[in-house]
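Structure first, commentary second.
The values are calculated or read from the model by the stated rules, or taken from the named source; none is laboratory data. Predicted, not measured: the structure shown is a model, and the values here were computed from it. For neighbour counting, all protein chains shown are included, and Cβ atoms are generated from backbone atoms with ideal geometry for every residue, glycine included.
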Amino acid sequence: MDTDFDANDAKYREAFEASMQELNTLLNEREELESMLGLLDRRIEKLRQVAVGLGGICGEDVETISGKWPEPAPDKALEVTGLTDAIRGVLSTHSEHYLSPIHIRDLLREMGFDTGKYRNVLASIHTVLKRLRNQRDVVDASHEGKVVYKWNRR
């Protein structure tokens, strides 16, 4: 790299430094917002489950609840939830227990998540779990020679 700078080179360097600082600031802000969004999503999922449980006690099923309250309805979560968020929901809902990827897959299916759109859903679940572990959202352990995962309640 040429070390001789003229007035224009210094302006480019200054613009470069400013853009990198702003980029770093925005990436940090996005990380904070994504963290807050994750917390909100988990709370919303828990409240949806509470609503379904209380609705059952009151004689309301998911279809009836969805008809009366279309926006917060339990089935709305399934339309917009990606695999990562769905796995987060399963793990946070069952936060007292370690779950195997197979058990997570079965719980996703029970909650109505469409696992059929994935060619190899277990491979996708494993990938998501490893990423969540690296982000410290989950902890793993070994049970009977298999890796199991649990929500990290930091």
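For this structure, a couple of remarks:
- Check on residue 19, assigned to a helix (DSSP H, G or I), within 20 Å of residue 82 (Cα to Cα) and among the hydroxyl-bearing types (Ser, Thr, Tyr): no
- Subset of the stretch 130-154 that is part of a loop (DSSP other than H, G, I, E, B) and touching a residue at least 12 places away in the same chain (Cβ under 8 Å) - its residue that is nearest to residue 85 (Cα to Cα): 137
- For the stretch 88-133, a residue qualifies if it is modelled with pLDDT under 90 and of a type in the set (Phe, Trp, Tyr), and the qualifying residues are 113, 118.
- Exclusive hit being at pLDDT 80 or above and either exposed (fewer than 15 other Cβ atoms within 10 Å of the Cβ) or out of contact with any His (no Cβ under 7 Å at 6 or more places or on another chain) (or both), set 75, 85, 61: 85
- Residue pairs meeting the criteria (Cβ under 9 Å; at least 6 apart or on separate chains; first under 29 Å from residue 128 (Cα atoms) and among the hydrophobic types (A, V, I, L, M, F, W, C), in the stretch 62-88; second modelled with pLDDT under 65 and part of a loop (DSSP other than H, G, I, E, B)): 62/73
- Qualifying residues in the stretch 110-129 (those that are among the charged types (D, E, K, R) and over 16 Å from residue 85 (Cβ atoms)) - the one surrounded by the fewest Cβ atoms within 10 Å (Cβ to Cβ): 119
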